[in-house]
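Data block below; observations after.
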Amino acid sequence: MHLAKRGLRVLGIAESYAGREHSRLAGVVMRRDLRIDGVAVTGITVGGSDATDGVFRLIHHLGRQDINAIMLSGCVIAWFNIIDPAKVYERSGCPLVVVTYEASSGLEEDIRHHFPDDLARLTAYRNLGSRTRVTLATGYEVFLRVWGCSEQEGTELVNYFTKDGRIPEPLRIARLIARAWMEDSPRRSRYYRGNSENSGDPCCYQLDSDGSEEHAQHPGHDPDHHISTELLDERRIPKGQPGSNE
């Protein structure tokens, strides 16, 4: 990873959800000078297992060949929907840094409690490995997992993109976009609602540099099929469960 490159670009990916059937996932391409030159959004299932697919949708629909590294705001998101960073690194070829912000004794017991028969989810969590606590140039502590680069390189990358505090700018902006998209009109939010057999969200939106909007639908998607408000309310996702804690 050429950290000294002037045109260094990072894809920052973060999510937002609030007890709904689907979480919003946003990807922001940001240059080293903190200029944004690409945005895409998609959705994943809260409590599902399609987070990795959601990341691949963002990468595919951005269609960029100039991304030098990927940052994730946590890899246990949307109520234990676990991203596979090793798979993302292997398929994208981009070094990957997962940034989290809170100390944790681990989530194995929580996974066993909420998903008692889900060995695949537990294994996916174990495969993430341990985190490394680092102190940024801003003086704040964060926790990192890295793939395709050294911990030192991962720390330097996060420092390059952290203007103040402890949240790198690509992740901060991505989370703001995901939150705004989640709160957008029912007309748009219905496109994010599918079923677990359809890998969560059948649609991915991309915002071009001129501000125009495009969307690509999953093959066979029926835009008029959506989950009722009553069904969403019945899910009753517990409050305070891990979003991007790890």
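The set of residues in region 15-59 being more than 14 Å from the chain's Cα centre (by Cα) and not small (Gly, Ala, Ser) consists of Arg20, Glu21, Met30, Arg31, Arg32, Asp33, Leu34, Arg35, Ile36, Asp37. The C-beta contact set for region 3-17 (first residue farther than 18 Å from Ile70 by Cβ and touching a residue at least 40 places away in the same chain (Cβ under 8 Å), second residue assigned to a strand (DSSP E or B) and of a type outside the set (D, E, K, R), distance under 9 angstrom, 6+ apart or interchain) comprises Ser16/Ser23; Ser16/Leu25; Ser16/Ala26; Tyr17/Ser23; Tyr17/Ile44; Tyr17/Ile77.
Of all residues in region 92-108, at least one satisfies being over 24 Å from Ala180 (Cβ atoms), under 17 Å from the mean Cα position of the chain (by Cα) and surrounded by 24 or more Cβ atoms within 10 Å (Cβ to Cβ).
Of the residues Leu96, Leu136, the single one that is at pLDDT 95 or above, under 29 Å from Leu34 (Cβ atoms) and in contact with a Leu (Cβ under 9 Å, 6 or more places away or on another chain) is Leu96.
Does any residue of region 114-129 turn out to be closer than 22 Å to Ala40 by Cα, surrounded by 15 or more Cβ atoms within 10 Å (Cβ to Cβ) and modelled with pLDDT of 95 or more? So that I can check it myself, show each step before the final result.
Pass one, region 114-129, residues closer than 22 Å to Ala40 by Cα: none.
No.
Residues that are polar (S, T, N, Q) and either free of Cβ contacts under 8 Å to residues at least 60 places away in the same chain or within 22 Å of Glu90 (Cβ to Cβ) (or both) within region 24-78 comprise Thr42, Ser49, Thr52, Gln65, Asn68, Ser73, listed in sequence order.
Residues in region 168-178 that are in contact with a Phe, Trp or Tyr (Cβ under 9 Å, 6 or more places away or on another chain) and either surrounded by fewer than 23 Cβ atoms within 10 Å (Cβ to Cβ) or free of Cβ contacts under 8 Å to residues at least 40 places away in the same chain (or both): 1 in all.
If I filter region 12-33 for residues that are in contact with a His (Cβ under 9 Å, 6 or more places away or on another chain) and either part of a helix (DSSP H, G or I) or under 22 Å from Ile177 (Cα atoms) (or both), do I get at least one hit?
In the first step, residues of region 12-33 are kept if they are in contact with a His (Cβ under 9 Å, 6 or more places away or on another chain); the result is 27.
Going one step further and asking which of them are either part of a helix (DSSP H, G or I) or under 22 Å from Ile177 (Cα atoms) (or both), we end up with 27.
Yes, region 12-33 has at least one match.
Collect the residues in region 23-38 that are buried (at least 23 other Cβ atoms within 10 Å of the Cβ), closer than 24 Å to Lys5 by Cα and among the aliphatic types (A, V, I, L, M), keeping them in residue-number order. Walk me through how you get there before you give the answer.
Within region 23-38, the subset buried (at least 23 other Cβ atoms within 10 Å of the Cβ) is 23-28, 30.
Next cut, closer than 24 Å to Lys5 by Cα only: 27-28, 30.
Correct list: Val28, Met30.
The values are calculated or read from the model by the stated rules, or taken from the named source; none is laboratory data. Computed from a predicted model, the values in this text were never measured in an experiment. Glycine also receives a Cβ, built like all others from the backbone with ideal geometry; neighbour counts cover every protein chain displayed.
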